[in-house]
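Some notes on the structure that comes next.
Just so it is clear, none of the values below were taken in a lab; they were calculated from the coordinates. In this text the structure is predicted, and so the values were computed from the model without any measurement. Glycine also receives a Cβ, built like all others from the backbone with ideal geometry; neighbour counts cover every protein chain displayed.
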Amino acid sequence: MSSILVTGIGELTTNVAAQARPDDHRDPTGMLGLVDDAAVVLEGSTIAWVGRASDAPAADTVCDAGGRAVIPGYVDSHSHLVFSGDRAQEFAARMTGEPYSAGGIRTTVAATRAATDEQLTSHVARLVAEMRAQGTTSLEIKSGYGLSVHDEARSLAVARQFTEDTTFLGAHVVPAGTTPEDYVDLVTGPMLTAAAPHARWIDVFCEDGAFDVDQARAILAAGTDNGLRGRLHANQLTYGGGVKLAAELGLVAVDHCTYLADDDVSALADSGTIATLLPGVEFSTRHPYPDARKLIDAGVQVAIASDCNPGSCFTSSMALCIALAVREMRMSPAEALHAATAMGAQALDRDDVGVIAPGKRADLVLLEAPSYLHLAYRPGVPLVAGVWQGGRPVVPGS
Ligand SMILES: [Zn+2]
């Protein structure tokens, strides 16, 4: 097995909690486990050694980071990449005053059903490559633009070619030509049977205009009976019972969490369910941002993800999400990076990624910057100088 020594790292984010350093604005609480003048040894697909460069062992090849920063690869725990077409016109209309509603999903459903398997696969491949070039090395992909037995199953089969973390989201919206009652029967019956072999998770868009709490409860229960684990889109557009349902069921994560009452926040803190915030959505729909500060101060675990999708948020940039989390949601830079890496991994119940430590998968991002702080400090600037995924250099420069 060949080894690579990445040395000369000016600032390494490990996500292995270290002592608090109140005077160091990069990581006052120690959550990022920063190591200055660091080195990492990659052996095959895993990390073999982490420490000070002066203590590093020899390896087959050496890569000198030249004083630049290295972070763990992003873990994007929420994306909808299996679709066809785009909704740029709808975006333009929204920016000139029309409101966002869940119904726009049906436009993408028609385009997705009309696409061949090969077209869907090459489209996902292009988006995954786009993400990787920006530092995302692990991701979740949902179905939800097929909304028929055949189209949901093939959407998940396409997604499975790119990640183990595939999510059955047949309950995205009720398609035209059916009643909510009949559609829930389909989602919890034949569609689930066809989807389950290709999925790890099941998800429901629990929202006005999509599915209510009782429907979400029934769909998640059916998924659990078929070996899938639950997650939920909740409280994105309105107050409602979705977040409390997620907490009650002890789901690993509930996503969006924009409209929260005080008892939603306490339910999340008590259950340990991770609130995955998706600030690109609020940016792209011109909606108010979730109150990340209130959640974190109440003891809620917070992750951030892209929600890359053609309707409400067509960005694949986790760096943009970090910048928005810092600027618009009052997360500290350290909290935002941690939420985009280690917490993203926890939101997918993964313990092999999101952290730079011996035994973990060798997913590293070399930044064209002396510190990870530049991710929020220099918004919109492409700062990825190299990416290793499973120990392989996948972006030029690494
Ligand atoms: Zn979503």
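Among the chymotrypsin sites (Phe, Trp or Tyr not before Pro) in the stretch 205-278, those located in a DSSP loop and surrounded by at most 15 other Cβ atoms within 10 Å of their own Cβ are Tyr239.
In terms of the mean number of neighbouring beta-carbon atoms within 10 Å, the peptides 176-184, 338-346 order highest first as 338-346, 176-184. Backbone amide hydrogens, once placed in the peptide plane, bring Val394 within less than 5 Å of Val387, Trp388, Gln389, excluding anything fewer than 5 places away on its chain. In terms of the mean number of neighbouring beta-carbon atoms within 10 Å, the peptides 137-150, 353-366, 80-93 order highest first as 137-150, 353-366, 80-93. Whole-Hz Karplus values for the stretch 276-288 come out as 9, 8, 10, x, x, 5, 5, 4, 7, 10, 6, 9, x Hz, taken residue by residue from phi with 6.51 cos²θ - 1.76 cosθ + 1.60 and θ = phi - 60°; glycine and proline positions read x.
The stretch 68-131 and the stretch 196-264 have their alpha-carbon centroids 21 Å apart. Full extension of the segment from Glu98 to Asp60, taken as 0.36 nm per residue of separation minus the current Cα-Cα distance, would add 7.9 nm. On the beta carbon distance between Asp117 and Arg286, with R0 = 35 Å, the FRET formula returns roughly 0.50.
Computed extension length for Asp208-Ala176: 9.9 nm, one decimal, from 0.36 nm per residue of separation with the Cα-Cα distance subtracted. With 0.36 nm allotted per residue and the present C-alpha distance subtracted, the Thr193-Arg327 stretch has 43.9 nm of extension available.
Among 7-13, 164-170, 292-298, sorting by the average number of other beta carbon atoms lying within 10 angstrom of each residue, highest first, gives 164-170, 7-13, 292-298. For the stretch 53-91, list residues with backbone N below 20 Å from a point placed 7 Å from the Cα of Ser2 toward its Cβ? Under 20 Å, as judged by backbone N against the label point of Ser2, lie 57-65 of the stretch 53-91.
Using C-alpha pairs below 8 Å separated by at least 6 residues, the relative contact order for the stretch 1-121 is 26 percent. Label positions at Arg392 and Thr29, each projected 7 Å from the Cα along the C-beta direction, are separated by 3.6 nm.
Sequence-distant contacts, meaning Cα pairs under 8 Å at least 6 residues apart, place the relative contact order of the chain at 19 percent.
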